[in-house]
Structures are given as structure tokens and as C-alpha cells.
1. Of the conditions (1) part of a helix (DSSP H, G or I); (2) more than 12 Å from the ligand (Cβ to nearest atom); (3) farther than 22 Å from GLY243 by Cα, ILE136 clears all except one; give me its number.
2. So which residues in the stretch 173-194 are more than 16 Å from ILE218 (Cα to Cα) and in contact (Cβ under 8 Å) with a residue 40 or more places away in the chain, if there are any at all?
3. What pairs can you find where one residue is in the stretch 221-238 and polar (S, T, N, Q), the other is in a strand (DSSP E or B) and modelled with pLDDT under 95, and their Cβ atoms are less than 7 Å apart, with a gap of 6+ or different chains?
4. Out of the helices (runs of 4 or more DSSP H) lying entirely within the stretch 168-246, which hold 1 or more residues that are surrounded by 21 or more Cβ atoms within 10 Å (Cβ to Cβ)?
5. Name the single residue that is surrounded by the most Cβ atoms within 10 Å (Cβ to Cβ) among those in the stretch 109-141 being under 30 Å from ASP95 (Cα atoms) and among the charged types (D, E, K, R).
6. Taking the condition of being away from the ligand (no atom under 15 Å from the Cβ) and more than 22 Å from ALA30 (Cβ to Cβ), how many residues in the stretch 85-103 meet it?
7. Please name all residue pairs, on different chains or six or more residues apart, with Cβ atoms under 6 Å, provided the first residue is in the stretch 27-42 and is farther than 19 Å from VAL112 by Cα and more than 6 Å from the ligand (Cβ to nearest atom) and the second residue is part of a strand (DSSP E or B) and open to solvent by less than 40 Å² (accessible area, probe 1.4 Å).
8. Against the conditions (1) among the acidic types (Asp, Glu); (2) more than 25 Å from ASP188 (Cα to Cα); (3) open to solvent by less than 30 Å² (accessible area, probe 1.4 Å), where does ASP36 fall short? Just the number, please.
Amino acid sequence: MDFQGRTAIVTGAARGIGFEIARRLAQGGATVVLVDVAEEALAEAAKGLGADPDRVLSFVVDVTDEEAVERLVDAVVEKTGRLDILVNNAGITRDDLLLRMTQEQWDAVMAVNLKGTFLMTKHACRPMLRQRSGRIVNLASVSGLVGNPGQANYSASKAGVVGFTKTVARELAGKKICCNAVAPGFIDTEMTRVLPEKAKQRALGAIPLGRMGTAEEIAAAVCFLASDDASYITGQVLAVDGGMAT
Ligand code: NAI
């Protein structure tokens with residue numbers, strides 16, 4: 001896919017799905033801005049991208065911090081002159097059954113997954129509005145579409161991302177900015193590697209294609225939605241889940 005001349009921000013890009021998205025965008029010629037809270041991993045990721053260093057920027061930013069988000073967007077526009085693509089990928093889990101779930105677990109997940117997506121979108125869309133073009137791709141989840149025991153906080157945050165995506169799509173369509181979401185199923189990353197074996201087996205049993213997905217398979221869908229090939233698609237949620245949510 002051709003992303004020559006485009007600037008793309010990917011949050012949570014230090015590892016996992018975010019890293020693969022950044023790698024694919026960089027392969028397509030984009031200037032990629034990697035954003036994460038994990039400072040060391042971020043530096044490694046920037047090197048590991050295998051892209052021309054002139055086309056890779058990295059910023060340690062917590063997406064829940066509005067001032068930091070605003071400074072980030074200003075810095076990106078100052079350095080690259082534009083902003084074409086935003087991928088809201090940063091996300092966390094704090095799983096527990098409803099009766100045991102604490103307010104801290106609830107608030108932490110809502111802050112990163114939902115508020116972080118809101119803050120990044122609010123500030124990143126300003127240069128897109130000026131350019132009258134832009135692509136926003138949010139990471140939702142199969143959990144936000146059909147629910148998942150032990151993930152009341154996470155499912156609610158990702159269902160929130162779906163509603164947010166559809167509203168932003170309607171608000172910004174007039175300025176030629178498209179906003180879509182990808183809803184991954186059960187993907188092999190650090191996020192799922194820490195799950196107990198029993199939970200993994202239960203999840204595997206619910207996947208019609210019979211295997212976990214890869215970060216590359218999610219990155220392919222995200223980059224499609226960020227590309228010119230998706231110019232007439234907005235407000236959609238693309239499930240990339242081996243059939244889990246069908
Ligand atoms: P991961 O845990 O491997 O990576 C998430 C990255 O986000 C980490 O590098 C982390 O440091 C960063 N991050 C966390 N809080 C942050 C904050 N406040 N500000 C900036 N960066 C922050 O996760 P993975 O598996 O790569 O997931 C990526 C996205 O895909 C997430 O939104 C996740 O909810 C979603 N997803 C993942 C699935 C899976 O099975 N792995 C399934 C469905 C959705």
C-alpha cells in the first residue's frame with residue numbers, strides 16, 4: 001500500500017499490534033510517529049522498524065494526559081508539516097469478574113481505552129480539518145461487540161469505542177475525514193500471553209477458524225482502512241476475529 005508523503009501517528013506502538021501497524025505504514029512509505037508510555041520498549045521499536053530513520057519519530061506520551069497529547073500533535077505537525085493518519089491502538093486490560101472488579105480496575109481501563117481515544121482524536125483531527133482529509137482507525141475488540149466474562153470494564157470501553165467511531169465518522173465526514181474501527185478477536189500478543197491456560201483454551205474453542213490471529217493480520221486490516229482503497233468507507237467496524245463475533 002502506498003503511504004508516501006503521509007504522516008501517521010500510532011499509539012501503543014512499542015510492541016504488539018501497534019508495532020506491526022507502524023511497521024506496515026513505514027513499509028508503505030509513511031512518516032511514522034510511534035507513541036507509547038513504555039520508554040525503553042519504544043526506543044527499541046523505533047530501531048526495530050527497519051525504516052529510514054528520517055521517517056520515524058517517537059514520543060513518550062500517556063494518551064490519558066490531554067496536555068501531553070496536545071503537545072504531541074503540535075510537535076508532529078511542526079516536524080512533518082501535516083497529519084494524515086491516526087491509529088488509536090493503545091489499550092489495556094484489568095480483567096476480573098464483575099463482583100470482584102474494583103473502581104480502580106474500571107477507571108484505568110476506561111481512561112486508556114476510551115478517554116485516550118477521545119483525546120487523541122480530538123487533537124489529531126485539528127490538522128486533518130485544516131487539510132480537509134484524514135483517516136482515523138480505532139482499535140475496538142470482539143469483547144466490545146459480544147461481551148466476554150471477566151471483562152466488563154474492557155468490553156464497555158471497547159463498545160464505547162464503537163459508538164465513538166460512528167459519531168466521529170458522522171461529524172467529520174463533511175471535511176473528508178474517515179473514521180473506522182477494527183475489532184480484533186483473540187490475537188497472539190503480550191496482552192493475551194499472560195492469560196491463564198484455561199482462559200486461552202476457552203477462547204480458542206470459540207474461534208471458528210480454530211487459531212489465534214496474528215498482529216500482522218490486524219495491521220493489514222488497519223492499513224487497508226487507512227489507505228486510499230478505503231476512501232468510501234466510514235463509520236464501520238471491521239471484525240478481524242477468525243469468525244468469533246459472527
Ligand atoms: P499490548 O499490551 O501488547 O500493547 C499495548 C501497548 O499500549 C503497549 O506498548 C503499552 O505500553 C501501550 N500503552 C498502554 N497504556 C498506554 C497509555 N496510557 N498511553 C500510551 N500507550 C499506552 O496490546 P496489543 O495486544 O498489541 O493490543 C493493541 C490494541 O488492540 C489494544 O487497544 C487492545 O485492546 C486491542 N485488542 C487486542 C486484542 C488481543 O487479543 N491482543 C484483542 C482485541 C483488541
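1. Here ILE136 clears every test but (1).
2. ALA173, LYS175, LYS176, ILE177, CYS178, CYS179
3. none
4. Ranges flagged: 215-226.
5. So, considering only residues that are under 30 Å from ASP95 (Cα atoms) and among the charged types (D, E, K, R), the one surrounded by the most Cβ atoms within 10 Å (Cβ to Cβ) is LYS115.
6. Number of matching residues: 8.
7. Going by the 6 Å Cβ cut-off, the qualifying pairs are ALA30/ALA8; THR31/THR7; VAL32/ALA8; VAL32/VAL56.
8. ASP36 satisfies every listed condition except (2).
The values are calculated or read from the model by the stated rules, or taken from the named source; none is laboratory data. On a predicted model such as this, the values are computed, not experimentally measured, just so you know. Positions of Cβ are backbone-derived with ideal geometry, glycine not excepted, and every protein chain shown enters the neighbour counts. These accessible areas exclude ligands, DNA and RNA; they are computed on the full protein's heavy atoms, side chains included. Shrake-Rupley method; radii C 1.70, N 1.55, O 1.52, S 1.80 Å.
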